[in-house]
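Visitor: Below: one structure in structure tokens.
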Amino acid sequence: MVSDMEHAKHLAELGGLQAGLEKEGFRSELLERSADIPLHVLLVPLGKDDRGRDRIVNLNFVPLPESDIAWIRLLQLYTVVPCEIAPDRRPAVESLLLAVNGVLPLGHFGIKEDGEVYARYVYTVPSSRTVSADELLEVLSLFHYLLEMFADRIGRVAGGELSVDEALQNPG
């Protein structure tokens, strides 16, 4: 259970990150936790993908048991990879994600039970300091790079346009 004080710290830090990102020319939106949203979330647009779809990264602090974890905090970056998995293509997409996850420098791709494909990275932050906007921009840059490298190929395998082997050989 996360205390109200811890939620307030998370909100303040996300607000500071939002201000720092906006200072660097990035727009973002901070959603405060509510009955519908269990955690504060900072939404950061990363532009559009190759098919013109908006790419938005959700940032939030992962709740940790306060009594067990004292030295770190976890900042999650999460985005949906927009694609529809054809009914017979799920095993191919799973196989591709397994191969891709083995070469990623950070984070991973996954599939939720409902078929949503996502990319996720959890950044470890020391409890003794806050995340700077410059630090976050570097992490976002790497996260965006992994999306650029693999999201389209995942979608093409999901739709049956590429085999797993073609997707792993094809750089684009």
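Visitor: Keeping the other protein chains in place, figure out the carbon and sulfur percent of the accessible area of the stretch 29-172, with a 1.4 Å probe.
Guide: Working: 4110 of 7820 Å².
Result for the stretch 29-172: 53 percent of the exposed heavy-atom area is carbon or sulfur.
Visitor: Now for a different question. With all protein chains present and a 1.4 Å probe, how do Asp152, Asp54 order by accessible area, largest first? Let's see the in-between values first.
Guide: Values: Asp152 45, Asp54 105 Å².
From most accessible down to least: Asp54, Asp152.
Visitor: Still on this structure: Hey, of (1) 0.96; (2) 1.05; (3) 1.00, which did the structure itself give for Rg/Rh (Cα atoms, Kirkwood Rh) when calculated?
Guide: Looking at Rg/Rh (Cα atoms, Kirkwood Rh) for this model, the match is (3).
Visitor: A further question on this structure: Evaluate the distance, in nm, between pseudo-label points positioned 7 Å from the Cα of Glu138 and of Glu161 along their respective Cα→Cβ axes.
Guide: For the pair Glu138/Glu161, the computed spacing is 3.5 nm.
Visitor: Separate question: Considering only DSSP beta bridges where both residues belong to the chain, give the percentage that are antiparallel (nearest 5).
Guide: Details: 27 of 27 bridges.
In the chain, approximately 100 percent of DSSP beta bridges are antiparallel ones.
Visitor: Let's see if you can work this out: charge +1 on each Lys and Arg Cβ, -1 on each Asp and Glu Cβ, no other charges. What is the dipole magnitude of the chain about its Cα centre, in debye to the nearest 20? Present the calculation step by step, with values, prior to reporting the outcome.
Guide: Details: 16 positive and 27 negative charges, 30 e Å.
Dipole size: approximately 140 debye.
Visitor: Hey, can you list the DSSP H helices of the chain whose Cα span along the axis is 27 Å or longer and whose average Kyte-Doolittle score is at least -0.5?
Guide: Values: long enough: 4-23 (28 Å, -0.52); 133-158 (35 Å, 0.63).
The answer, listed by residue number, is 133-158.
Visitor: For the stretch 1-71, what class follows from the C-alpha gyration tensor (a ≥ b ≥ c being the square roots of its eigenvalues): rounded when a/c is under 1.5, otherwise prolate if a/b is larger than b/c, else oblate?
Guide: Prolate shape, in that a/c is at least 1.5 and a/b is the bigger ratio.
Visitor: Let me ask you something else. Phe26: accessible area at probe 1.4 Å, nearest 10 Å²?
Guide: Per-residue accessible area (Phe26): approximately 80 Å².
Visitor: Right, next: Suppose only helical runs count, i.e. DSSP H with n ≥ 4. What mean residue ellipticity at 222 nm does that imply for the chain under -39500 (n - 2.57) per run, divided by all residues and rounded to the nearest 500 deg cm²/dmol? All intermediate terms of the calculation are to be shown ahead of the outcome.
Guide: On the way: 4 runs with 64 residues, N = 172.
It comes out at -12500 deg cm²/dmol, rounded to the nearest 500.
Visitor: Would you kindly state the longest site-free stretch of the chain, with sites defined as trypsin sites (Lys or Arg not before Pro) in a DSSP loop (not H, G, I, E, B) surrounded by at most 10 other Cβ atoms within 10 Å?
Guide: Numbers: sites that count: Arg27, Arg51, Lys112, Arg129.
That gives 52-111 as the longest site-free run.
Visitor: Let me ask something additional. Can you spot the lysines whose alpha carbon is less than 28 Å from Lys9's alpha carbon? Ignore those fewer than 8 places along the same chain.
Guide: Within the straight-line limit of under 28 Å, Lys9 reaches these lysines: Lys23.
Visitor: Sticking with this one: Can you give me the solvent accessible area of Leu96 with a 1.4 Å probe, rounded to the nearest 10 Å²?
Guide: Around 0 Å² of this residue is reachable by solvent.
Visitor: Determine which lysines satisfy two conditions relative to Lys112: a Cα distance under 26 Å, and not lying fewer than 8 residues away in the same chain.
Guide: Lys112 reaches Lys48.
Visitor: How about the stretch 51-136: which chymotrypsin sites (Phe, Trp or Tyr not before Pro) there lie in a loop by DSSP and see at most 12 other Cβ atoms within 10 Å? Mind dumping the intermediate values first?
Guide: Values: sites: Phe61, Trp71, Tyr78, Phe109, Tyr118, Tyr121, Tyr123; in loops: Trp71.
Filter output for the stretch 51-136: Trp71.
Visitor: Just grab the label-to-label distance for Leu43 and Glu22, each label 7 Å out from Cα along the Cβ direction, in nm (one decimal).
Guide: Label at Leu43, label at Glu22, 1.6 nm between them.
Visitor: Quick one: accessible area per residue over the stretch 56-161, 1.4 Å probe, rounded to a whole number of Å²?
Guide: Numbers: 5360 Å² over 106 residues.
On a per-residue basis, 51 Å².
The values are calculated or read from the model by the stated rules, or taken from the named source; none is laboratory data. All values derive from a computational prediction rather than experimental measurement. Here Cβ is always computed from backbone atoms with ideal geometry, including for glycine, and neighbour counts include all displayed protein chains. Just the protein is used for accessible areas: all its heavy atoms, side chains included, with ligands, DNA and RNA removed. Shrake-Rupley method; radii C 1.70, N 1.55, O 1.52, S 1.80 Å.
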